Amino acid sequence: MTVTNKPTRAAWLQGPSGRCETVPNGQFLPWRIVLLGAPGVGKGTQADLLNQRLLACHLSTGDVFRAAATRSEGELSPAMKEALGYMRRGELVPDTTVWDLVQERGACLHCAGGFILDGFPRTAAQAVSLKQFLNKDGLGLTAVVTYELPQSEIVARLGGRRTCEKCKAVYHITERSPKVEGRCDHCEGALFQREDDRPEAIKVRLEAYDRSTAPLIEFYRKAGLLLPVSAAGTPEEIYERTVPELEVRRLTQFAEQMWAAAENRRSGL
């Protein structure tokens, strides 16, 4: 798995047939992080920042789905074909199929460079599968970061978003407005508001997110892995709130591992 500032993520995007350009020698306690957060909290932006600065590969299941949609049938694994079938029918991809996709990319989860999982797990059942998969090789998560923001602020963020009809560049009517109102800075295409960015649609999306992730968040809270982070402010401010907490978690885990190893040595005497 590539861990440069611009990783290819070939093995993640292509599946078992993919090969990344370089494989890291390993890090001191590789980062293994899961990111959670409702639509509009800026989770994708934070994943990119963490990827660039912690040098752990950003593994997004959404990117896998998008990559599958651009490939020919002959390039698709059985799990990718199945997932694409659900997507083309406008149906949600079920837990079992999503897990099959992730399992196909098991080498990425074992990579010495670590990972930042974005979009998976989405349910408690998926979280259990991931835990069992990692535990088989004595691996564990560093932390599960959940980005939090009041619903009113999420609605304002997404409700102000505008997308270029040509190049798909994204703007915001107050936070990142175009130079010419209603026109893209890059290609001068018309800007429009996506249907799922309208206030009534946003509220439905948030309610669905809350229902599906409440058990997941409780699962990770009981496991002692949950790290709530406020998603208010700029991306840099959010990042600066996140990393010190992650560092503390990683150092604590390292100390616990050293203590357990020492205990095992004493027990063996």
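List of remarks:
- From the list GLN193, GLN253, the one residue that fits, being modelled with pLDDT under 90 and among the polar types (S, T, N, Q), is GLN253.
- If you go through the range 202-227 and keep only what is in a helix (DSSP H, G or I), within 25 Å of ASP48 (Cα to Cα), touching a residue at least 60 places away in the same chain (Cβ under 8 Å) and of a type outside the set (Val, Ile, Thr), you end up with ARG205, LEU206, TYR209, ASP210, SER212, LEU216, TYR220.
- Set side by side, the residues TYR171, TYR147 differ, and just one is in contact with a helix residue (DSSP H, G or I) (Cβ under 6 Å, 6 or more places away or on another chain), surrounded by 12 or more Cβ atoms within 10 Å (Cβ to Cβ) and in a strand (DSSP E or B), which is TYR147.
- Of residues in the range 214-269 being polar (S, T, N, Q) and touching a helix residue (DSSP H, G or I) at 6+ places or on another chain (Cβ under 9 Å), the one nearest to GLY114 (Cα to Cα): THR242
To keep it simple, each residue is scored yes or no on (1) under 24 Å from ILE217 (Cα atoms); (2) in contact (Cβ under 8 Å) with a residue 12 or more places away in the chain.
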position: VAL229; (1), (2): yes, yes
position: ALA232; (1), (2): yes, yes
position: ARG241; (1), (2): yes, yes
position: PRO244; (1), (2): yes, no
position: GLU247; (1), (2): yes, no
position: MET258; (1), (2): no, no
position: ALA261; (1), (2): no, no
position: SER267; (1), (2): no, no
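- Within the range 105-123, the residues that satisfy the criterion of being part of a helix (DSSP H, G or I) and crowded, with 17+ Cβ neighbours inside 10 Å are CYS108, LEU109.
- Residue identified as crowded, with 21+ Cβ neighbours inside 10 Å, of a type outside the set (Lys, Arg) and in a helix (DSSP H, G or I) among VAL102, VAL128: VAL102
- Qualifying residues in the range 57-82 (those that are under 18 Å from the mean Cα position of the chain (by Cα) and over 20 Å from LEU35 (Cα atoms)) - the one surrounded by the most Cβ atoms within 10 Å (Cβ to Cβ): ALA68
Okay, residues lined up against (1) buried (at least 16 other Cβ atoms within 10 Å of the Cβ); (2) out of contact with any Phe, Trp or Tyr (no Cβ under 6 Å at 6 or more places or on another chain); (3) polar (S, T, N, Q); (4) within 30 Å of LEU139 (Cα to Cα):
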| position | (1), (2), (3), (4) |
| --- | --- |
| GLY159 | yes, yes, no, no |
| PRO178 | yes, no, no, no |
| ARG183 | no, yes, no, no |
| THR213 | yes, yes, yes, yes |
| ILE217 | yes, yes, no, yes |
| SER230 | no, yes, yes, yes |
| GLU247 | no, yes, no, yes |
| ARG250 | yes, yes, no, yes |
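- Summed over the range 154-198, residues that are over 25 Å from GLY37 (Cβ atoms), touching a Leu at 6+ places or on another chain (Cβ under 9 Å) and among the β-branched types (Val, Ile, Thr) total 0.
- Set side by side, the residues ARG221, ARG266 differ, and just one is at pLDDT 85 or above and of a type in the set (Lys, Arg), which is ARG221.
- Boolean, PRO235 is touching a Ser or Thr at 6+ places or on another chain (Cβ under 6 Å) and modelled with pLDDT of 95 or more: no
- Taking the numbered list (1) modelled with pLDDT of 90 or more; (2) touching a helix residue (DSSP H, G or I) at 6+ places or on another chain (Cβ under 7 Å); (3) within 20 Å of LEU149 (Cβ to Cβ) in turn, ALA201 passes all entries but (1).
- From the list SER72, SER77, SER60, the lone residue that is free of Cβ contacts under 8 Å to residues at least 40 places away in the same chain and under 22 Å from GLN14 (Cα atoms) is SER72.
The values are calculated or read from the model by the stated rules, or taken from the named source; none is laboratory data. On a predicted model such as this, the values are computed, not experimentally measured, just so you know. Neighbour counts run over all protein chains shown; Cβ positions are idealised from the backbone, glycine included.
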